[in-house]
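Colleague: Sharing a structure below in structure tokens format, with a few things to ask.
What follows draws every value from the coordinates through simple rules; no lab data is involved. Quantities reported herein were computed from a predicted structural model and do not represent experimental measurements. Note: ideal-geometry Cβ built from the backbone for every residue, glycine included; neighbour counts use all protein chains shown.
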Amino acid sequence: MCGIVGYVGRDNAKDIIIEGLKKLEYRGYDSAGVAIVEKGGILVRKKEGKIANLEEFIKNEKITGTIGIGHTRWATHGAPSDLNAHPHMSNSGNIAVVHNGIVENYVELKEWLAKDYGVQFHTETDTEVIAQLIGVLYKGDLEAAVYEAVEKMKGAYAIGVVAEDQPDKLVAFRKDAPLIAGLGNSGNFIASDIPALLKYLDKIYLIENGEMVVCTADRIQIFDENKNPVDRDLLHVTWSLEDAEKDGFDHFMLKEIYEQPRAINETLMRRIGDDGKIKLDGISLTLEDLENINKIYIVACGTAYHAGLVGKYAIEKMAKIPVEIDVASEFRYRDPYIDDKTLFIAISQSGETLDTLAALREAKRKGARILSVVNVVGSSVVRESDDVFYTWAGPEIAVASTKAYTTQLICMYLLALYMGELRGVITKEYYNQILDELKAIPGKIEKILEKSKDVEKLAKTLYNRTQVFFIGRGMDAAVAYEGSLKLKEISYINSFAIAAGELKHGTIALMEPETIVIALATQDFLFEKMFSNIVEVKARMAHVVSVAKEGNTTIERESNEVIYIPQCADEVSPLLTAIPLQLFAYYVAREKGENIDKPRNLAKSVTVE
Ligand code: F6R
């Protein structure tokens, strides 16, 4: 998704901004550009494609300005091109703007500017409309012009603005799209995401909706929508630059797969107190709260939704509260029955997914209590929730989510157990048993990772197949959806997940000798049923790769290959099963030579509908 970086200070702005934009490359983009305020005017340089293209384009130019804005664009209005790339300028040449999000009424504004001010437009973007609008409204007071402009703009956006005749000031505004500001040694920054600034600082301001930031080389001021100064505490960022770098791995995805034992340990340890029990510090979920809840809704998108599927099983089994689950894009438009007895759980790595945010607002409007499971501190979902359960996975850079997923699962298990114990619906023994199982997970994942070569070998033999099915029952079905998504999103193989019992109702018609079936069979109490499903697909000549617990030799009789995971309770097996599936997707995509960290058509955080 689009990324913004702005700098004003004493160093070369172009170098700093480009460096920051590179740290946002993981979000996916199709063009990049910078606007630097130079002595003779604003110099705008932009190029379709990689940031490297932009660097090549300007490498022989002497660009020395110390204030500027930069952008990586993910096309929404207008095709990816040099022309449509940001920054955009006003016709006066005095104003340059970068923008994330969408201006919904841009057509209306465009017509008005053309009719009343004779403005001619040069691009197809909604962003040019912002630049032209501020250009027309600007009468020497940049903050006033930006305030006036945003009053007229509908939609969700974060913008960064510079003016040629105000070469010491950078102005930014946030409405429903992420924006931060940071204090550095040589100057000050704005950005859409923390990784852009990690090299330069470790303290940031989180900008809220309706707020304006005014940065000079020595000062950052924040103003609310009524133009009153806001006193905001600085947030100390604990992510390190190494966290956002590859650390010797070929891809961020592989690095993040290998980070899972550490990440899960972190998530667990932060929530287990000295007495060995789960502590939900900062989350208000008392027995009285739980007695007031008669239903839980889990809402999320993509991988986070798949974590929610496991969460539903866990909560219903351990806390005995009915759980409904939905994808956010459906939930938000279907007028679901929600009231003040509903606990709404939003799951989101980025905390910026627009559909999830909109679903959360809908639930809130209807009186639900909002608990979110989020990775990015200070993100929009966090700010709009009553309570937040952080995943503490560290920055996830690869577009395909891995460690965010498994840490989301940990959060769901901890919540389920906590609620179950509080409500007195599970025994002490069961509570301790599952907690011990969770604590053993990082070590068991290490064991799976030690055998990653086996999965790599398998991927080398199967990477050129064109059709893959993931099947499972119970919690295995939930993981099947995630395994399938992982494979398709980075290898572009047509993969499909289905509850194994559903196969015979239609899908089994697709089984052919070249078809791969990845059969998850880790639920002991469902094994016989699952085994029958494996026999059925094997009889149709499909190539079966099973995932089972160590010691299960029966499954070998009907499988071409078996991937074993360490012994564990059925309830927690998704945490282990997910790992070989992530590795399989990774190695297949690598074998096919695909762009693993930035798959085509995808972006890390989806802040548009
Ligand atoms: C897939 C993936 C996506 C995200 C989805 C929600 O690997 O990462 O499916 O899970 O776009 O994103 P968040 O969790 O940021 O709300």
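Colleague: Which value, in debye to the nearest 20, describes the size of the charge dipole of the chain about its Cα centre when Lys and Arg Cβ atoms bear +1, Asp and Glu Cβ atoms bear -1, and nothing else is charged?
Modeller: Charge dipole, the chain, about its Cα centre: 780 debye, nearest 20.
Colleague: Would you mind putting 363-372, 284-293, 443-452 in packing order, based on average other-beta-carbon counts within 10 Å, highest first?
Modeller: Order by mean packing, descending: 363-372, 443-452, 284-293.
Colleague: Sticking with this structure for a sec: Looking at Ala163, Leu54, Val150, which one has the Cα that reaches farthest to the positive end of the dipole of region 3-239 (charges on Cβ: Lys, Arg +1; Asp, Glu -1)?
Modeller: Leu54
Colleague: A further question on this structure: For the chain, treating each Cα as an identical point scatterer without solvent, what Debye log10 I(q)/I(0) comes out at q = 0.07, 0.10, 0.13 1/Å?
Modeller: Ignoring solvent entirely, the Cα scatterers give -0.46, -0.89, -1.31.
Colleague: Counting only other residues whose beta carbon sits under 11 Å from that of Val572, what net charge do I get with K and R as +1, D and E as -1?
Modeller: Within the 11 Å Cβ shell, the charges total -2.
Colleague: Still on this structure, please answer the following. Can you give me the pair-distance distribution of region 1-144, C-alpha pairs, 5 Å bins, whole percents?
Modeller: Whole-percent P(r) values from 0 Å outward: 2, 11, 20, 23, 20, 14, 7, 3, 0.
Colleague: Mind running the shape call on region 210-367? Use the C-alpha gyration tensor, a ≥ b ≥ c as the square roots of the eigenvalues: rounded below 1.5 for a/c, prolate if a/b tops b/c, oblate otherwise.
Modeller: Oblate shape, in that a/c is at least 1.5 and b/c is the bigger or equal ratio.
Colleague: Going through region 6-86, which GluC sites (Glu not before Pro) have at most 15 other Cβ atoms within 10 Å and a DSSP loop state?
Modeller: Glu61
Colleague: With a sphere of radius 13 Å drawn around the Cβ of Ala79, what net charge do the other residues whose Cβ falls strictly inside it have (Lys, Arg +1; Asp, Glu -1)?
Modeller: So the surrounding residues net to -3.
Colleague: If you don't mind, another one. Work out the charge dipole of the chain with +1 on the Cβ of Lys and Arg and -1 on the Cβ of Asp and Glu about the Cα centre, then indicate which of Val136, Ala346, Leu576 is farthest towards its positive end.
Modeller: Leu576
Colleague: Right, here's the next one. In this model, which of Lys403/Lys444; Lys317/Lys451; Lys23/Lys447 are farther than 23 Å apart at the alpha-carbon?
Modeller: Details: Lys403/Lys444 15 Å; Lys317/Lys451 32 Å; Lys23/Lys447 32 Å.
As for pairs spanning more than 23 Å Cα to Cα, those are Lys317/Lys451; Lys23/Lys447.
Colleague: Another question, then. Restricting to the chain, compute how many DSSP beta bridges are antiparallel as a %, nearest 5. Let's see the in-between values first.
Modeller: Numbers: 62 of 104 bridges.
About 60 percent, rounded to the nearest 5.
Colleague: May I pose another question? Counting only helical runs of four or more DSSP H residues, what would the 222 nm mean residue ellipticity of the chain come to if each run contributes -39,500 (n - 2.57) and the total is spread over all its residues?
Modeller: -11000 deg cm²/dmol
Colleague: With viscosity set to 1.002 mPa s at 20 °C, what whole-number translational diffusion coefficient in µm²/s follows for region 3-239 from Stokes-Einstein and a Kirkwood radius over Cα pairs?
Modeller: Taking Rh from Cα pairs, D becomes 124 µm²/s.
Colleague: Using alpha carbon centroids, what distance separates region 367-422 and region 49-119, in Å?
Modeller: 35
Colleague: Ok, one more. Which net charge results for the neighbourhood of Gly118, defined as the other residues with beta-carbon distances under 13 angstrom from its beta-carbon, given Lys and Arg at +1 and Asp and Glu at -1?
Modeller: 0
Colleague: Highest mean first, how do 482-494, 78-90, 331-343 rank when packing is the count of other Cβ atoms within 10 Å averaged over residues?
Modeller: In decreasing order of mean packing, 482-494, 78-90, 331-343 become 482-494, 78-90, 331-343.
Colleague: Please identify the trypsin sites (Lys or Arg not before Pro) of region 56-147 that satisfy two criteria: DSSP loop assignment and at most 13 other Cβ atoms within 10 Å. Which are they? Could the numbers behind the result be given before it?
Modeller: Numbers: sites: Lys59, Lys62, Arg73, Lys110, Lys115, Lys139; in loops: Lys59, Lys62, Lys139.
Passing both the DSSP loop test and the Cβ count: Lys59, Lys62, Lys139.
Colleague: Loop-only GluC sites (Glu not before Pro) in region 528-561, please: DSSP not H, G, I, E or B, and at most 13 other Cβ atoms within 10 Å.
Modeller: For GluC sites (Glu not before Pro) across region 528-561 that sit outside H, G, I, E and B with at most 13 neighbouring Cβ atoms in 10 Å, the list reads Glu550.
Colleague: Kindly flag which residue pairs out of Lys312/Lys549; Lys110/Lys175; Lys59/Lys460; Lys39/Lys598; Lys50/Lys364; Lys428/Lys486 have an alpha-carbon separation exceeding 32 Å in this structure. Mind dumping the intermediate values first?
Modeller: Numbers: Lys312/Lys549 23 Å; Lys110/Lys175 20 Å; Lys59/Lys460 41 Å; Lys39/Lys598 38 Å; Lys50/Lys364 40 Å; Lys428/Lys486 37 Å.
Beyond 32 Å between Cα atoms: Lys59/Lys460; Lys39/Lys598; Lys50/Lys364; Lys428/Lys486.
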